[in-house]
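Participant: Starting off with a structure, shown below.
The values are calculated or read from the model by the stated rules, or taken from the named source; none is laboratory data. Because the structure is predicted, anything quoted here is derived from the model rather than measured. In this analysis, Cβ positions are derived from the backbone assuming ideal geometry, glycine residues included, and neighbour counts consider all displayed protein chains. Heads up: the accessible areas ignore ligands, DNA and RNA and are worked out on the full protein's heavy atoms, side chains in. Shrake-Rupley method; radii C 1.70, N 1.55, O 1.52, S 1.80 Å.
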Amino acid sequence: HRLRSGRFRLIEGNDAFSNRIHVRDLARGLEAMCERGVVGSTYLICDDQPTSMSEIAQYCRELLGDISYPVLSWEEARAALKPSHIAMIEDSKRLRNTRMRRDLGVELEFPTYREGLRQVAELHGWLV
């Protein structure tokens, strides 16, 4: 949605990882956690492929066509974005969902961001 509306901005040299989950897989993971989770255990509910925003943006361009977006320097990003957004970007983590899959038996309908974004693009008729 942010790419299509022109609100997406990429930060130059930002190799921070982002972990995603499709809302249907999130619901599936939460349901499994409530039904089969061990009290006091931690389960990371995310897809199988942590990835950088630049990789996600490139894939969106493949799906949606040659959509342009501004590329900000870190200095420009710090001036334009909320401090909480910058903190989230700088706190890059690669999460693993091994316990969710193994201990809770969760099978993802959208195992990576690619399947989820394709489904959203198809739903809205945005594919080129």
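Participant: For region 46-128, what is the accessible area per residue in Å², given a 1.4 Å probe and the full set of protein chains? Could the numbers behind the result be given before it?
Facilitator: Working: 5050 Å² over 83 residues.
Accessible surface, normalised per residue, equals 61 Å².
Participant: Would you mind checking region 103-123 for residues with the amide N under 17 Å from a putative spin-label position 7 Å along Cα→C-beta of Tyr69?
Facilitator: What the label zone holds, given the 17 Å backbone N cut-off, is 113-122.
Participant: By accessible area of protein heavy atoms, probe 1.4 Å, what ranking do His1, His22, His85, His124 get, highest first? Before the final figure, lay out the partial values.
Facilitator: Values: His1 130, His22 30, His85 60, His124 85 Å².
Output order, biggest surface exposure first: His1, His124, His85, His22.
Participant: Continuing with the same structure: With a cut-off of 8 Å between alpha carbons and a minimum separation of six or more residues, what is the relative contact order of the chain in percent? The partial results should precede the final answer.
Facilitator: On the way: 150 pairs, mean separation 54.3, N = 128.
It rounds to 42 percent for the chain.
Participant: Take the Cβ-Cβ distance between Leu81 and Asp15 as r, set R0 to 22 Å, and report the resulting FRET efficiency rounded to the nearest 0.05. All intermediate terms of the calculation are to be shown ahead of the outcome.
Facilitator: Details: r = 17 Å, r/R0 = 0.77.
Computed FRET efficiency for Leu81 and Asp15: 0.85.
Participant: Related question: Can you give me the Cα centroid spacing of region 74-92 and region 10-69 in angstrom?
Facilitator: 19 Å
Participant: Something else now. Counting only protein heavy atoms and using a 1.4 Å probe, what share of the accessible area of region 34-128 belongs to carbon plus sulfur, as a whole percent? Before the final figure, lay out each step's value.
Facilitator: Working: 3140 of 6010 Å².
Taking all protein chains in place, region 34-128 shows 52 percent carbon and sulfur surface.
Participant: For region 42-128, take the convex hull of the Cα atoms, compute a quarter of its surface area, and give me that in nm², please.
Facilitator: Working: hull surface 28.8 nm².
Across all orientations, region 42-128 yields a mean hull projection of 7.2 nm².
Participant: Return one quarter of the surface area of the convex hull spanned by the alpha-carbon atoms of region 50-94, equal to its mean projected area, in nm².
Facilitator: On the way: hull surface 14.8 nm².
Hull-based average projected area comes out at 3.7 nm².
Participant: Work out Dmax and Rg for region 1-88 from the C-alpha atoms and quote the Rg first, both in angstrom.
Facilitator: Values for region 1-88 (Cα only, Rg and Dmax): 16.5, 48 Å.
Participant: Also, quick follow-up: How do Met88, Met100, Met53 stack up against each other in accessible area, from largest to smallest, with a 1.4 angstrom probe?
Facilitator: Largest accessible area first, the list is Met88, Met53, Met100.
Participant: Which value, in debye to the nearest 20, describes the size of the charge dipole of region 1-60 about its Cα centre when Lys and Arg Cβ atoms bear +1, Asp and Glu Cβ atoms bear -1, and nothing else is charged? Don't jump to the answer; show the numbers that get you there.
Facilitator: Details: 8 positive and 8 negative charges, 71 e Å.
Once rounded to the nearest 20, the dipole reads 340 debye.
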